[in-house]
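Comments concern the structure below.
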Amino acid sequence: MTAPFNNISGKISRGFDVEAARADFPILTRPVHGKPLVYLDSGASAQKPRAVLDIMNEFARTDYANVHRGVHYLSGAATDAYESARRTVQKFVGAAHEDEIVFTKGGTEAINLVSYSYLAPRIQPADEIVLSIMEHHSNIVPWHFLRERQGAVLKWVDVQGDGSLDIEALDAAITAKTKLVAITHMSNVLGTVTPLKDIVARAHAKGVPVLADGCQGAVHEIVDVQALDIDFYAVTGHKLYGPTGIGALYAKRAHLKGMRPFNGGGEMIREVAKDRITYADAPARFEAGTPPIIESVGLAAALDYMTGFDREAVAVHEHDLLAYARDRVRAFNWLKVIGDAPAKGAILSFEAEGMHAHDLATILDREGVAVRAGHHCAQPLMERFCTASTTRASFALYNTRADVDALIAGLAKARGILGNG
């Protein structure tokens, strides 16, 4: 059956023009506190282009039904759109097979799925999980569950003073007791991009699988899971200019075949009787219940939107913004940047002398500048840098140097108010 939305993965070739891109995001035209909105919080959640908003609305109005279960036209159309979205994710991360893509509620659920379905049955007391100190809590707490419940040992790999990963320390941390390396692709606080290919090669040489938290990395880096040879890669839709409530786990076929179900319910079974049950093959085995159907269409549209640009040109634009911002803040001797790793992503985290991060973010908000303040769900990293919180500006394809100028003006104003400057 052919449906209007089963070809939503068709790529549109075009160059990158930031002003044209900004026009795709309706929210950027709204004022905040009487000032133009300067949105520098895309690391928490990116804004949505009109292409995503429109296709979700149109799908809901004209083609929505539950998937996989119905024989009527709308169910078939919705199923086609849902499975087409899976193929779009497959292409986006470079997976070999569409059944290696499991839809989840987001990156957090994707990592929890690996913890429960893959690793928990393999963990014995004193077995090890290797993590970096810069992990998001979503890539820490699921492993703490295994520490608390099954006696796993968490081994922490430090970062260097500039936020770079100590790859030799990571290599040394992998022992005969290691059952998994769980590592971020890009730090949500530092912007540090980890050398995933090298990490995977070193871990595999010792027979250890690798999971990457790609929730930030997939936004700014071109991902090819086959080239990386990575075992698991988690993404979330809302950072990829798509909707909330949907993400995906890439996992190698061989792993998925041996993993137990994560949730129980409809769709993830083959047969249910009073005294027995057989489970469906992946990915259905891990997608119990009615899935995020409208959100899957939105996610596919978001990935189409992203890949419609020259992504290398977008990366150059984002790095220009970061370099410009980094250069501008050098004038503030009361501001300390946290994380200056080479080739880092477009994230600027900093402490301001005499100013609490939340107070600083509040003043910036009154100037229309949206930033993030706090520990960014990365408390071990905050401890590493001897701070309780930072202020973070995270840049996206729709940001401009004028946005950076607004941030700098807001920081100067905050210093006058809070820092006796």
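Could you tell me the center-to-center distance, by alpha carbons, between segment 181-222 and segment 343-419 in angstrom?
Segment 181-222 and segment 343-419 have Cα centres spaced 25 Å from each other.
Return the carbon/sulfur percentage of the accessible area of the chain, one whole number, probe 1.4 Å, all protein chains in place.
Reported share for carbon and sulfur atoms: 52 percent.
How do the peptides 54-63, 226-235 rank, highest first, by the average count of neighbouring beta carbon atoms within 10 Å per residue?
Ranking the peptides 54-63, 226-235 by packing returns 226-235, 54-63.
Assuming 1.002 mPa s and 20 °C, estimate D for segment 288-421 with Stokes-Einstein, Rh taken as the Kirkwood radius over Cα pairs, in µm²/s.
129
For Glu271, Glu318, give me the order by solvent-accessible area with a 1.4 Å probe, most accessible first, ignoring ligands, DNA and RNA.
Glu271, Glu318
For segment 313-414, what is the accessible area per residue in Å² when the probe is 1.4 Å?
With the other protein chains kept in place, segment 313-414 gives 39 Å² per residue.
For Cα pairs less than 8 Å apart in space and 6+ apart in sequence, what is the mean separation divided by the residue count of segment 143-255, i.e. the relative contact order in percent?
18
Take each of the peptides 343-352, 380-389, average the number of other beta-carbon atoms within 10 Å over its residues, and list them starting from the highest.
The peptides rank, most packed first, as 343-352, 380-389.
Which label belongs to the value computed from this structure, given these candidates for Cα extents along the principal axes in Å: [x] 57, 56, 43; [y] 61, 52, 48; [z] 73, 54, 35?
[z]
Find the accessible area per residue for segment 33-101; the probe is 1.4 Å, ligands and nucleic acids are left out, and the unit is Å².
Averaged over the residues of segment 33-101, the accessible area is 42 Å².
Count neighbours as other Cβ atoms within 10 Å of each site's Cβ, and list the trypsin sites (Lys or Arg not before Pro) in segment 110-211 that are DSSP loop with at most 15 such neighbours.
Answer in residue order: Lys177, Lys206.
From largest accessible area down, sort Val316, Val71, Val159; use a 1.4 Å probe on the protein chains.
Val71, Val316, Val159
What does segment 46-98 give for Rg and for Dmax, in Å, if only its C-alpha atoms count?
Final numbers for Rg and Dmax: 13.0, 37 Å.
Restricting to Cα pairs below 8 Å that are 6+ residues apart, what does the relative contact order work out to for segment 357-421? Please round to a whole percent.
Reported as a whole number, the value is 37 percent.
One quarter of the convex hull surface, Cα atoms only: what value does that give for segment 256-363 in nm²?
Dividing the Cα hull surface by four gives the mean projection, 12.8 nm².
With the other protein chains left in place, how much accessible area per residue, in square angstrom, belongs to segment 195-296 at a 1.4 angstrom probe?
On a per-residue basis, 40 Å².
Over all alpha-carbon pairs of segment 73-138, lay out the pair-distance distribution in 10 Å bins, whole %, shortest bin first.
The calculated distribution, bin by bin, is 16, 33, 32, 13, 5, 0.
Using only the Cα atoms of segment 44-153, what semi-axes does the equivalent ellipsoid have when each is the square root of 5 times a gyration tensor eigenvalue? Give whole Å, largest first.
Calculated on Cα positions only, the semi-axes equal 36, 18, 13 Å.
At q = 0.21 Å⁻¹, what log₁₀ I(q)/I(0) does segment 278-336 have when each alpha carbon counts as one equal point scatterer in the Debye sum?
Computed log10 I(q)/I(0) values: -0.88.
Taking a 28 Å limit on the Cα-Cα distance, which of the listed pairs Lys35/Lys91; Lys91/Lys177; Lys105/Lys252; Lys48/Lys155 fall beyond it?
Correct reply: Lys35/Lys91; Lys91/Lys177; Lys48/Lys155.
How big, on average over all directions, is the shadow cast by the Cα convex hull of segment 336-415, in nm²?
Spelled out: convex hull of the Cα atoms, projected over all directions, averaged, 5.5 nm².
The values are calculated or read from the model by the stated rules, or taken from the named source; none is laboratory data. As the structure is a computational prediction, the values presented were derived from the model and not from experiment. Don't worry about glycine lacking a Cβ; one is built from the backbone with ideal geometry, like all the others, and counts go over all protein chains shown. Heads up: the accessible areas ignore ligands, DNA and RNA and are worked out on the full protein's heavy atoms, side chains in. Shrake-Rupley method; radii C 1.70, N 1.55, O 1.52, S 1.80 Å.
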